[in-house]
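Peer 1: Below: one structure in structure tokens.
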Amino acid sequence: MAIDAIGAPLGATASELGQSRLDQSDFIKLFLTELTFQDPLEPINNREFLAQMAQFANLEQTRVTNESTNNLVAMSASSQSLSLLGKQVQVSDNTGEGMVGTVTAINFTTNGPLLTVSATGGSVMTDVRLSQVTLVRL
């Protein structure tokens, strides 16, 4: 019995994309700067302030949800890789050729789990990502 491709490449993290995070202290600094330099004859409208607060709260909640989703994806990848330990798999490499072997080790890195696959002929393929596993034989 065979199971088709079970993995997908992990997405790039925010730090890899060069994105910075804004947190609550950044919002407060921005707001205090805005208050400091406001025109005394035209103070900030309460509605604008409340709209900014609502937008920031929404942005913060989205960030927390994104972080939680990334943690779930990482846990799922770890669980999938652990379930492959000792199983015979078919792996595709960069050249397009495949290799059949047994998963003998798992290395957990910040970019996701990396498998070590040993073929019956003695060859070993290291740093195999879940997305490279094309077939699992039970």
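The values are calculated or read from the model by the stated rules, or taken from the named source; none is laboratory data. Because the structure is a prediction, the values reported are computed rather than measured. When we count neighbours, we look across all protein chains shown, and the Cβ atoms used for this are built from the backbone with ideal geometry, even at glycine.
Peer 1: Taking the stretch 115-135, which residues are closer than 12 Å to L84 by Cβ and in contact with a Ser or Thr (Cβ under 9 Å, 6 or more places away or on another chain)?
Peer 2: Passing the criteria: L115, T116, V117, V128, L130, Q132, V133.
Peer 1: Here is a further query. What number of residues within the stretch 107-124 are out of contact with any Phe, Trp or Tyr (no Cβ under 9 Å at 6 or more places or on another chain) and buried (at least 16 other Cβ atoms within 10 Å of the Cβ)?
Peer 2: Residues in the stretch 107-124 being out of contact with any Phe, Trp or Tyr (no Cβ under 9 Å at 6 or more places or on another chain) and buried (at least 16 other Cβ atoms within 10 Å of the Cβ): 6 in total.
Peer 1: On the given criteria, is L82 of a type in the set (A, V, I, L, M), closer than 20 Å to L115 by Cα, loosely packed, with under 11 Cβ neighbours inside 10 Å and at pLDDT 90 or above?
Peer 2: In short, no.
Peer 1: Is it the case that M75 is out of contact with any Phe, Trp or Tyr (no Cβ under 9 Å at 6 or more places or on another chain) and under 17 Å from V136 (Cα atoms)?
Peer 2: No: the conditions fail for M75.
Peer 1: Picking from F56, F108, which residue would you name as being aromatic (F, W, Y), touching a residue at least 24 places away in the same chain (Cβ under 8 Å) and either out of contact with any helix residue (DSSP H, G or I) (no Cβ under 9 Å at 6 or more places or on another chain) or not in a helix (DSSP H, G or I) (or both)?
Peer 2: F108
Peer 1: OK, next. Would you say V117 is at pLDDT 90 or above and either of a type in the set (D, E) or out of contact with any His (no Cβ under 7 Å at 6 or more places or on another chain) (or both)?
Peer 2: Considered against the rule, which asks whether it is at pLDDT 90 or above and either of a type in the set (D, E) or out of contact with any His (no Cβ under 7 Å at 6 or more places or on another chain) (or both), V117 comes out as yes.
Peer 1: Pairs please, first residue from the stretch 68-96 and at positive phi, second anywhere and not basic (K, R), Cβ atoms under 7 Å, 6+ apart in sequence or on different chains.
Peer 2: Close Cβ pairs (under 7 Å, with a partner that is not basic (K, R)) amount to G86/T102; G86/V103.
Peer 1: I'd like to know if the stretch 31-47 contains one or more residues that are part of a helix (DSSP H, G or I) and either under 21 Å from the mean Cα position of the chain (by Cα) or of a type in the set (A, V, I, L, M) (or both).
Peer 2: There is at least one residue in the stretch 31-47 that is part of a helix (DSSP H, G or I) and either under 21 Å from the mean Cα position of the chain (by Cα) or of a type in the set (A, V, I, L, M) (or both).
Peer 1: Right, another one. Of the conditions (1) free of Cβ contacts under 8 Å to residues at least 24 places away in the same chain; (2) within 18 Å of S79 (Cβ to Cβ); (3) out of contact with any Asp or Glu (no Cβ under 6 Å at 6 or more places or on another chain); (4) hydrophobic (A, V, I, L, M, F, W, C), A119 clears all except one; give me its number.
Peer 2: So A119 meets the others, but not (2).
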